[in-house]
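Working notes for the structure below.
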Amino acid sequence: MPELPEVETLCRQLNTVLPGEKIIQIEVLDPRLGNIARAKVDGAVIFPGSVPKDSGLEKVAGLIGRRVEAVTRRGKYIHLQVEGGLTAALHLRMSGRLLYRPKAALENGRHDPNLQNSGSCPPFSRLVIAFSSGTLVLLDPRRFATFVVQPPAWSAPALPDDPLQGLPARRLWKIARTRRLPVKSFLMDQRLIAGIGNIYACEILFAAGIDPRRPACSLSATEWRKASKSAAAILRRAVDCRGTTMSDWRDLFGCSGTNQDHLEVYSRQGETCRRCSGRIERITQGGRGTWFCPSCQK
DNA sequence: TATAATGTTAGACT
DNA sequence: AAGTCTAACATTAT
């Protein structure tokens, strides 16, 4: 579900609530999550001493009692930088969501204990991280999301340039020269450009006036510059809008984004192109839907 | 009941 | 060898 703008939205919001907060407790509601995939414990509440040897939960347990220092984004990954040099790397994949629930204070000043455990969590809750100020819940109907705790020495793989700053047109043109795959698939290759997914690939190519079926190697240097400019503009606006809510995307506090109001092609098959009044088409590329305007995109 | 859904990747081809 | 394509992962919604 989330692409760069949605993940960026979550990171910015996480940075308003998590830094300085101590991790008090972690509940693993889905034993198949990420590197705790081999965990034998279902619905485990993790605290030091509660984790059996070789359960797969030791690394997660290492987070308990430590403070979050900062939250950063690498492509579509969310990194919780935790005291002691630990990094908790979260990827939401297709259907993952994050929800932050502040600890509700009652009128008499005491806290509501019902908001502190998974019993009150929404359906598809897979992981609950409790802080003193509230809880962070990972929701994920399809269970593709991953949560991997990396050791202190770990440094994330080198990230190609951030497309929010504009794609490095010269570099991409050079790499693309030998690639015959459709330019739309090329844009979604996370090793080359970190963060662009299906919605924004379609929207970027529409904005750039480029046919998604064209081989990557067929784009001129000028067209790559156009694509670069379009990418930065499309992604920045989407971040400003806190993401695109088609059906289930919500930000950290449960609010919808507004970028769906700016979509020109995605999910608009059969509808009228706002630029030329032609018809938006849907095709399949690499098993994914692609929407474009055949008369605007050449 | 069949299809598609905002992602990634292992394995099989070429 | 490097590039390309497909199936698979798991579940819901239409």
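Observations on the model:
- The average projected area of chain A, computed from the convex hull of its Cα atoms over all directions, is 17.0 nm².
- Solvent exposure of chain A, expressed per residue, is 46 Å² of accessible area, with all protein chains present and a 1.4 angstrom probe.
- Across region A:244-262, the residues whose backbone nitrogen lies under 16 Å from the label position 7 Å along the beta-carbon direction of A:THR16 are A:250-258.
- For region A:249-285, the set of chymotrypsin sites (Phe, Trp or Tyr not before Pro) satisfying both a DSSP loop assignment and a count of at most 16 other C-beta atoms within 10 Å is given as A:PHE253.
- Region A:124-164, accessible surface, carbon-and-sulfur percent (1.4 angstrom probe): 60
- Distance-filtered residues of region A:1-33 - backbone nitrogen under 20 Å, label point 7 angstrom along A:MET246 Cα→Cβ: A:1-10
- Extension gain for A:THR272 to A:ASP189 (0.36 nm times residue separation, less C-alpha to C-alpha distance): 26.9 nm.
- Order by protection proxy (mean Cβ within 10 Å, highest first), peptides A:235-246, A:192-203: A:192-203, A:235-246
- Label point distance in nm, A:SER132-A:LYS103, each placed 7 Å from Cα along Cα→Cβ: 0.8
- Based on Cα contacts under 8 Å between residues 6+ apart, region A:163-292 shows a relative contact order of 25 percent.
- Element breakdown for region A:168-259 at a 1.4 angstrom probe: carbon and sulfur atoms account for 54% of the accessible area.
The values are calculated or read from the model by the stated rules, or taken from the named source; none is laboratory data. Keep in mind it's a predicted model, so treat the numbers as computed, not measured. Cβ coordinates were reconstructed from backbone atoms using ideal geometry, including for glycine residues, and neighbour counts include every protein chain displayed. Ligands, DNA and RNA are stripped out before the accessible areas are found, and what is left, the full protein with its side chains, is counted by its heavy atoms. Shrake-Rupley method; radii C 1.70, N 1.55, O 1.52, S 1.80 Å.
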